[in-house]
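Here the structure comes first, spelled out in structure tokens, and everything after it is commentary.
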Amino acid sequence: MAAPMLRCISRSQWLGTQGLSGVLPLGLREAHSAAQGLLAVQKARGLFKEFFPERGTKTELPELFDRGTGGKFPQTIYCGFDPTADSLHVGHLLALLGLFHFQRAGHNVIALVGGATARLGDPSGRTKAREALDAERVQSNARALSQGLKALATNHQQLFANGRTWGSFTVLDNSAWYQKQDLVDFLAAVGGHFRMGTLLSRLSVQTRLKSPEGMSLAEFLYQVLQAYDFYYLFQHYGCRVQLGGSDQLGNIMSGYEFIHNTTGAKLGKSAGNAVWLNRDKTSPFELYQFFLRQQDDLVERYLKLFTFLPLPEIDHIMQLHVTEPEKRGPQKRLAAE
């Protein structure tokens, strides 16, 4: 699974529209990301691959998360999760950890379950259409994913907060606002802000159009609905940053442009060998073994991505591994974390 990306709404746009090494016990580990600079630390971990729009990376985006710049703090960040199955899987962990790092730094985060968009099927990163799911199946999966997200957020808070004040973790379902939408009214209000040439130019669309199966209208409109999700969260929750997988670039760009226009292979189930985060589908032992089996050329990166260990501690673990590789110390620590 590729590392997530960030996109944000610039400060001017917002104002215009809205007026050390060593092991620490789990409960006592500090939120190092907040102390050392949130974005710099997570980029050093490899958690964030790219920032969009690129022109705001050096100034506007870091200022959004800096208490000392006089801007609006805390910020609100969201990431979407489509309920194509009834459980989260290990491929979702990177996105969740991204949200957790923002939450630990005092920002409010939203996990958005795509109870509506999952019925269309996200074409990003795929060479053929996803299996169609009926409304009842999607609704059931959405409930299960919402419960899983809430459970993980609760466990994270209980194990790591240790009395510190964190930002909020909210789980929403986008079917809540699409159920109220009339198709013709929606297209009339939203459709005019999207240019066909721009939508057709997206890499995910081009890839599917050139495939033997082609692309359905439902899949083509997926990026419009994801763009509207960001707009809705921007308007109702003050959300200015979205976190998403690198295969989401086209959808990310569409949402960013829509808001400005209107206001001024992976890890996981797709590979066929799913590692689920639901103990009824993957046991805790199997999940532990999954991380324990990681190869030496991946384990350092996974320690940075999937754990809250301080970077100096990870460096120390890897140095010990060089002298005693047969002990598989990094893999054991990764699995334990």
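Key figures
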{"item": "Whole-percent carbon and sulfur share, accessible surface of region 284-336, 1.4 Å", "result": "57"}
{"item": "Vicinal HN-Hα couplings computed from phi for region 130-143 (Karplus, 6.51 cos²θ - 1.76 cosθ + 1.60; Hz; Gly/Pro x)", "result": "6, 5, 5, 10, 6, 4, 5, 5, 5, 4, 5, 4, 4, 4"}
{"item": "Region 163-172 - phi-based ³J(HN,Hα) in whole Hz, Karplus 6.51/-1.76/1.60, Gly and Pro as x", "result": "x, 6, 8, 10, x, 7, 10, 10, 10, 10"}
{"item": "Amide H contacts under 5 Å for I110, placed H, 5+ residues apart", "result": "I77, Y78, C79, T170"}
{"item": "Too-long pairs where the Cα-Cα distance tops 21 Å, listed order kept, from K43/K327; K128/K210; K49/K304", "result": "K43/K327"}
{"item": "Region 165-240 and region 288-337: distance between their alpha carbon centers, rounded to Å", "result": "38"}
{"item": "Nearest-10 value in Å² for the accessible area of W177, using the 1.4 Å probe", "result": "20"}
{"item": "Region 286-337 shape via C-alpha gyration tensor axes, a/c threshold 1.5", "result": "oblate"}
{"item": "Probe 1.4 Å, accessible area per residue of region 75-137, Å²", "result": "30"}
{"item": "Carbon plus sulfur fraction of accessible area for region 38-263, probe 1.4 Å, in percent", "result": "51"}
{"item": "Separation in nanometres of the label points that stand 7 Å from Cα toward Cβ, at L187 and A135", "result": "1.9"}
{"item": "Neighbourhood net charge (14 Å Cβ-Cβ; Lys/Arg +1, Asp/Glu -1) for K150", "result": "0"}
{"item": "Vicinal HN-Hα couplings computed from phi for region 300-307 (Karplus, 6.51 cos²θ - 1.76 cosθ + 1.60; Hz; Gly/Pro x)", "result": "5, 4, 5, 4, 6, 7, 9, 10"}
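The values are calculated or read from the model by the stated rules, or taken from the named source; none is laboratory data. Everything quoted here is computed from the prediction, not taken from an experiment. Cβ: placed from backbone, ideal geometry, glycine included. Neighbour counts: every protein chain shown. To get the accessible areas, we keep the full protein, side chains included, count just its heavy atoms, and leave off ligands, DNA and RNA. Shrake-Rupley method; radii C 1.70, N 1.55, O 1.52, S 1.80 Å.
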